[in-house]
Amino acid sequence: MAEQTGSRWPAIFLDDGGVISDNAVRAAQWPGLVGAYLAPRLGGAEEAWAEANRTICPALWQEWGARLQEDPTGDAVALRRYYDEEWVRRMCAFVGVSAPASSEACLRLADDTSTFVIPRVGGAFPGAPEAIRQLHGRGYGLHTASGEDSRELALYLEGIGVKECFGALYGADLVGIAKAGPEYYARILSHAGAAAGDALVVDDREDALDWAAEAGARTVLCGPDGARSPRHGHVRSLAQLPALLLRLV
C-alpha cells in the first residue's frame with residue numbers, strides 16, 4: 001500500500017517512558033550523571049550524589065502518586081515545582097551540603113541538572129526512532145501524551161533524534177493537569193485541535209488507555225502482553241505500530 005499523507009490520517013499521541021524510551025535504561029543512567037553534574041558545583045562525592053538520587057527519587061515518586069490520587073485534577077505545574085524543589089533540598093541534605101537558599105534557585109538547579117543529564121541518557125527502545133520517522137513521513141500528526149514536563153520531553157526526543165517529527169509535547173504543564181484521568185486526554189485533544197474520533201493514543205499502561213478511550217480516542221497498548229480490554233489494540237513495541245496502522249487502513 002502506498003504511503004498516504006495529510007489530514008486523512010489521525011493524530012497520534014505517544015507516551016514517552018515505556019513506549020518511546022526504556023525507563024529502566026534511564027533509571028540506571030541518571031544517578032551517575034547527576035553526580036557528575038552536581039559534585040563539581042555543590043561539593044560532595046559523585047557517588048554520594050548518585051546514591052542520593054537512588055534513595056530520594058522513589059520516596060518522592062510515592063508522594064507524587066499519593067497527591068495525584070487525592071487530587072487528580074489539581075495544579076500540575078505547582079506539583080512539579082514542589083517535586084523539583086524537594087528533590088534538590090533532600091538530595092543536598094543526603095549528601096551533607098547546603099541547598100540553594102531560595103525556591104527559585106532550587107528550581108533553576110533542578111532544570112540545569114536535567115538539561116545536562118537528559119541528552120546523555122538516550123534509552124530509546126530498539127526501532128522506536130525509526131518508527132517515529134516512518135509515521136511522520138506518512139503524514140501523521142505526532143504528539144506526545146506523557147506525564148513528563150514538555151521541556152524535558154523536548155530534551156529526550158532531541159537526544160534520540162526525533163524531536164522534529166513532533167508537534168506539541170504534552171507534557172502536563174501544557175494543559176495544566178497531570179496525566180491522572182480522562183480530563184488530561186480531553187484537554188490535550190482540545191489543545192491539539194484533534195477530534196476524538198481521529199485521535200490514536202499509544203501507551204504502555206492500560207489504565208491510561210482507559211482514560212483516553214473515555215475521552216473518545218482510539219487506543220493501542222504497547223508492551224509484551226495484550227490488553228485486558230478488547231477495546232484497546234496491541235503492539236509489542238512501537239516498532240510494530242506502522243505495520244499495524246497499515247493493516248487498519
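Structure data summary
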| quantity | calculated |
| --- | --- |
| Which numbered condition residue 164 misses (of (1) of a type in the set (D, E, K, R); (2) within 20 Å of residue 140 (Cα to Cα); (3) in contact with a Lys or Arg (Cβ under 9 Å, 6 or more places away or on another chain)) | (3) |
| When residues of the stretch 116-158 are limited to those that are under 15 Å from the mean Cα position of the chain (by Cα) and polar (S, T, N, Q), the one nearest to residue 211 (Cα to Cα) | 146 |
| Test: residue in the stretch 58-81 that is over 22 Å from residue 173 (Cβ atoms) and not assigned by TED's automatic domain parsing to the domain that holds residue 224 | yes |
| Of all residues making up the stretch 174-203, the number that are surrounded by fewer than 19 Cβ atoms within 10 Å (Cβ to Cβ) and either under 16 Å from the mean Cα position of the chain (by Cα) or not assigned by TED's automatic domain parsing to the domain that holds residue 225 (or both) | 2 |
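The rows are residues; the columns are (1) of a type in the set (Asp, Glu); (2) crowded, with 17+ Cβ neighbours inside 10 Å; (3) closer than 22 Å to residue 22 by Cβ.
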{"site": "85", "(1), (2), (3)": "yes, yes, no"}
{"site": "92", "(1), (2), (3)": "no, yes, no"}
{"site": "104", "(1), (2), (3)": "yes, no, no"}
{"site": "111", "(1), (2), (3)": "yes, no, no"}
{"site": "122", "(1), (2), (3)": "no, no, yes"}
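The values are calculated or read from the model by the stated rules, or taken from the named source; none is laboratory data. Every value quoted in this text rests on a predicted model; they were computed, and no experiment measured them. No Cβ is skipped: glycine too gets one built from the backbone with ideal geometry, and neighbour counts run over all protein chains shown.
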